[in-house]
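A.B. asks: This is the structure I have questions about; it appears just below.
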Amino acid sequence: MPRRIALTILCLVLGSYWTLVLSAPPLSGEEQQSPTETATPSQTAALTAPEANPAPATPPAEDEPEAQTWTLQYKFLPGQTIHYESTHEMEITTRYDGTSEIAKNKSEYRKHYHVLSVNEEGIAEIQTVIDWVRMMAKFGEDGPEQRFDSDKPEEASSRFEQVKAAVGKPQPTMAVSPSGECLISARSDAGAKEAIQGFLIRLPEKPVTIGDSWKEDNYEVKVTVENNLTQSILLTRHYRLESVENGMATISMKTAVLTPVNNPKISAQLIQREISGKIVFDIEHGLIASRQYDVDKAVIGAFGPKTAMQAVSRLVEQRTNVPATADRAPGKTSGTETK
């Protein structure tokens, strides 16, 4: 496989971590008549002729209960700190002229957001931090493993400079509404809007019932076209309330690409953005309890003729009561958390 393609794949694999840390509702299953089907004259007459004795409309039952609704909103508290632990695994299979290579990436990380203040309208100033990261990337069965451990930054290769620079550094402060909308304030910048997606999701402004859907404001991402030239691609996320049980709301999510894309090279860069998944939201405490994001997509011609790429990934994230420490592996639980 040409070295240029191999390096591109490795960059995609290494970059998948930051895409998900920082990152259209399904069609109805009802069957519809095919537009190519043509009704016979008798069928047409049956459809257009009025009924001789139309059945009277049935009035709605007066005692029929209304559907239950839920208010899904963040309940930010001054001084509150919420911790999460995450595992992200990704596998990219590349095929070129009859041969194939598999690149793998596994990342474990801990992160938190801290609420600096909350005003009378519930709008909070939030600061986010990536506390700890451990990554492994490998290209090909016989290829060397690229590793990064934020506990041992001196051992990291230059490929992980972006990760190394971000760990432990508080990000710009963001003003966030109870629905998760990132607002522009004196202490927030344009990059904050995308960064907040790695910690919060957009919630509906009004109470919702099972089956209701809503969407996130459209947002832009940059892709490389050629010779370091970039292009903005417009994306959006659609959410749907699937169920509520024991105070936990299960919400489905799907990402949609709004900008028409006909270039396979651009589609390959968007693979990591086209995520779908499930979020569990704690209604009483007003916070995300857990989430799972998945990618399973293929692109033909991703790196030119006779090439194809398939990406499969899964991000699993769980709220934890334990602040991040260097000597604790993800999954262990002990200690307390600021409520």
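A.B. asks: Across segment 148-169, what is the total count of residues that are assigned to a loop (DSSP other than H, G, I, E, B), surrounded by 11 or more Cβ atoms within 10 Å (Cβ to Cβ) and either among the acidic types (Asp, Glu) or at pLDDT 80 or above (or both)?
C.D. replies: Counting residues in segment 148-169 that are assigned to a loop (DSSP other than H, G, I, E, B), surrounded by 11 or more Cβ atoms within 10 Å (Cβ to Cβ) and either among the acidic types (Asp, Glu) or at pLDDT 80 or above (or both) gives 5.
A.B. asks: Sticking with this structure for a sec: Being among the aliphatic types (A, V, I, L, M) and out of contact with any Phe, Trp or Tyr (no Cβ under 6 Å at 6 or more places or on another chain) is the requirement here; does residue 251 meet it?
C.D. replies: Spelling it out, it is not the case that residue 251 is among the aliphatic types (A, V, I, L, M) and out of contact with any Phe, Trp or Tyr (no Cβ under 6 Å at 6 or more places or on another chain).
A.B. asks: Return the only residue of 177, 267, 232, 243 being over 19 Å from residue 122 (Cβ atoms), out of contact with any helix residue (DSSP H, G or I) (no Cβ under 9 Å at 6 or more places or on another chain), surrounded by 16 or more Cβ atoms within 10 Å (Cβ to Cβ) and modelled with pLDDT of 90 or more. Walk me through how you get there before you give the answer.
C.D. replies: Working: 177 fails: over 19 Å from residue 122 (Cβ atoms); 232 fails: surrounded by 16 or more Cβ atoms within 10 Å (Cβ to Cβ); 243 fails: surrounded by 16 or more Cβ atoms within 10 Å (Cβ to Cβ).
Result of the check over 177, 267, 232, 243: 267.
A.B. asks: Using the structure shown, decide if residue 156 is of a type outside the set (Ser, Thr, Tyr) and within 24 Å of the chain's Cα centre (by Cα).
C.D. replies: On the way: of a type outside the set (Ser, Thr, Tyr): yes; within 24 Å of the chain's Cα centre (by Cα): no.
In short, no.
A.B. asks: I'd like the full set of residues that are within 15 Å of the chain's Cα centre (by Cα) and either surrounded by 15 or more Cβ atoms within 10 Å (Cβ to Cβ) or of a type in the set (Gly, Ala, Ser) (or both), limited to segment 275-288. First the steps, then the outcome.
C.D. replies: Let us first name the residues in segment 275-288 that are within 15 Å of the chain's Cα centre (by Cα), namely 275-281, 288.
Across segment 275-288, the qualifying residues are 275, 276, 277, 279, 280, 281, 288.
To keep it simple, each residue is scored yes or no on (1) under 20 Å from residue 317 (Cβ atoms); (2) in contact with a helix residue (DSSP H, G or I) (Cβ under 7 Å, 6 or more places away or on another chain); (3) not in a loop (DSSP other than H, G, I, E, B).
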residue	(1), (2), (3)
88	yes, yes, yes
92	no, yes, yes
95	no, no, yes
100	no, no, yes
112	yes, no, yes
117	no, no, yes
128	yes, yes, yes
141	no, no, no
146	no, yes, yes
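A.B. asks: Turning to a different aspect of this structure: Which residues, counting only those in segment 80-108, are hydroxyl-bearing (Ser, Thr, Tyr) and touching a Phe, Trp or Tyr at 6+ places or on another chain (Cβ under 6 Å)?
C.D. replies: Step one: list which residues in segment 80-108 are hydroxyl-bearing (Ser, Thr, Tyr), which gives 81, 84, 86-87, 93-94, 96, 99-100, 107.
Hits for segment 80-108 are 86, 107.
A.B. asks: Please enumerate the residues belonging to segment 308-335 that are of a type in the set (S, T, N, Q) and either in a loop (DSSP other than H, G, I, E, B) or modelled with pLDDT under 90 (or both). Steps first, please.
C.D. replies: Of all residues in segment 308-335, those of a type in the set (S, T, N, Q) come to 310, 313, 318, 320-321, 325, 333-334.
321, 325, 333, 334 - these are the residues of segment 308-335 that are of a type in the set (S, T, N, Q) and either in a loop (DSSP other than H, G, I, E, B) or modelled with pLDDT under 90 (or both).
A.B. asks: Something else now. Please work out if residue 257 is over 22 Å from residue 99 (Cα atoms) and crowded, with 19+ Cβ neighbours inside 10 Å.
C.D. replies: Values: over 22 Å from residue 99 (Cα atoms): yes; crowded, with 19+ Cβ neighbours inside 10 Å: no.
For residue 257, the condition - over 22 Å from residue 99 (Cα atoms) and crowded, with 19+ Cβ neighbours inside 10 Å - is not met.
A.B. asks: So, one more: Residue 220 - would you say it is at pLDDT below 90 and not in a loop (DSSP other than H, G, I, E, B)?
C.D. replies: On the way: at pLDDT below 90: yes; not in a loop (DSSP other than H, G, I, E, B): yes.
Against the criterion (at pLDDT below 90 and not in a loop (DSSP other than H, G, I, E, B)), residue 220 qualifies.
The values are calculated or read from the model by the stated rules, or taken from the named source; none is laboratory data. The shown structure was predicted, so the numbers you read here are calculated from the model rather than taken from an experiment. Cβ sites come from the backbone with ideal geometry, for glycine too, and all protein chains shown count toward neighbours.
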